[in-house]
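Asker: One structure follows; several queries about it will come next.
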Amino acid sequence: MRIIRVRRGERSFYAAITGPNSVRCLNAEENLPDDIPLEELELLPLVRPTKIVCVGLNYHDHAREMGLPIPEEPVLFLKPPTAVIGTGEAIVAPAGAGRVDYEAELAVVIGHPARCVTEADALSHVFGYACANDVTARDLQKKDGQWTRAKSFDTFCPVGPWIETHLEDPQSLGVRAIVNGEARQSGTTADMIFPVPKLISFISGVMTLLPGDVILTGTPAGIGPIKDGDEVGIEIDQLGLLSNRVVAGGPTVAAEVQ
């Protein structure tokens, strides 16, 4: 099932896609028709997480690209919920931040609370999967020596275009980044160093994962810069195409990166 989050008038709700241009409300209390035309709805960001847990350096080819050793355990960092935007919304590049990069990633959306779960039980806590872009101010990441500021600007976590609630195998998906119609990044989730069940188990041993929380599972080789006016697409097999335009005009970084 493909699920989106929408607003109709003053009411927002999750809906299942029922056709090319229609959805069905998943909240029975709304008492809406079975098929609602998309033209009557405003698309909203898919998720409202309490946290976005990200995994760095989780593809073998990306580790080779960066000239770094394979991690012995998952490398974790966080993005704030305020970074989330949906497909069609703009990625806003901060003034003075220097280079801003795309990173195509598989997003895992949690459906049931997970605390210290086993790898065998991990996928039972998943609500669904989506495309994501771990947008990164690369020069700030290098300058700061840690990743929080570089990863946390508003609009730096596009997720979409929908949540797919059923995948046969999250470790057999092609992952691509497309900038202005040109393929820039192409990999497969089979190349993950730590697969999805391992990540959920590991992260849930550190912090409780709550419904709506998102795990970004790392990026394959081929990361690169984006700039004002670029159209950035993140495409994953079975999960559609997440599309966002880059615009300038974000908050000015306190000390510009030279």
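The values are calculated or read from the model by the stated rules, or taken from the named source; none is laboratory data. Since the model is a prediction, treat every value here as computed from it, not as a measurement. As a convention, Cβ positions derive from the backbone with ideal geometry for all residues, glycine included, and neighbour counts pool all protein chains shown.
Asker: Please go through (1) free of Cβ contacts under 8 Å to residues at least 24 places away in the same chain; (2) buried (at least 23 other Cβ atoms within 10 Å of the Cβ); (3) small (G, A, S) for A104 and return the number of the only condition it doesn't satisfy.
Answerer: In the conditions (1) free of Cβ contacts under 8 Å to residues at least 24 places away in the same chain; (2) buried (at least 23 other Cβ atoms within 10 Å of the Cβ); (3) small (G, A, S), A104 misses (1) alone.
Asker: A further question on this structure: So in the range 244-258, with the set limited to residues that are buried (at least 20 other Cβ atoms within 10 Å of the Cβ) and not aliphatic (A, V, I, L, M), which one is modelled with the lowest pLDDT?
Answerer: G250
Asker: Which one of these is of a type in the set (A, V, I, L, M), crowded, with 16+ Cβ neighbours inside 10 Å and within 16 Å of the chain's Cα centre (by Cα): A122, A130?
Answerer: Working: A122 fails: within 16 Å of the chain's Cα centre (by Cα).
Only one candidate qualifies: A130.
Asker: Here is a follow-up. Determine which member of the set G181, G187, G174 is surrounded by fewer than 22 Cβ atoms within 10 Å (Cβ to Cβ) and under 17 Å from the mean Cα position of the chain (by Cα).
Answerer: G174
Asker: Being surrounded by 15 or more Cβ atoms within 10 Å (Cβ to Cβ) and either modelled with pLDDT under 95 or closer than 20 Å to A130 by Cα (or both) is the filter here, so list the residues in the range 223-237 that pass it.
Answerer: I223, V232, G233, I234, E235, I236
Asker: Among the residues of the range 112-126, are any closer than 19 Å to E231 by Cα and at pLDDT 95 or above?
Answerer: no
Asker: Return the total of residues in the range 26-75 being under 15 Å from the mean Cα position of the chain (by Cα) and either within 23 Å of T148 (Cα to Cα) or assigned to a helix (DSSP H, G or I) (or both).
Answerer: So the count comes out to 13.
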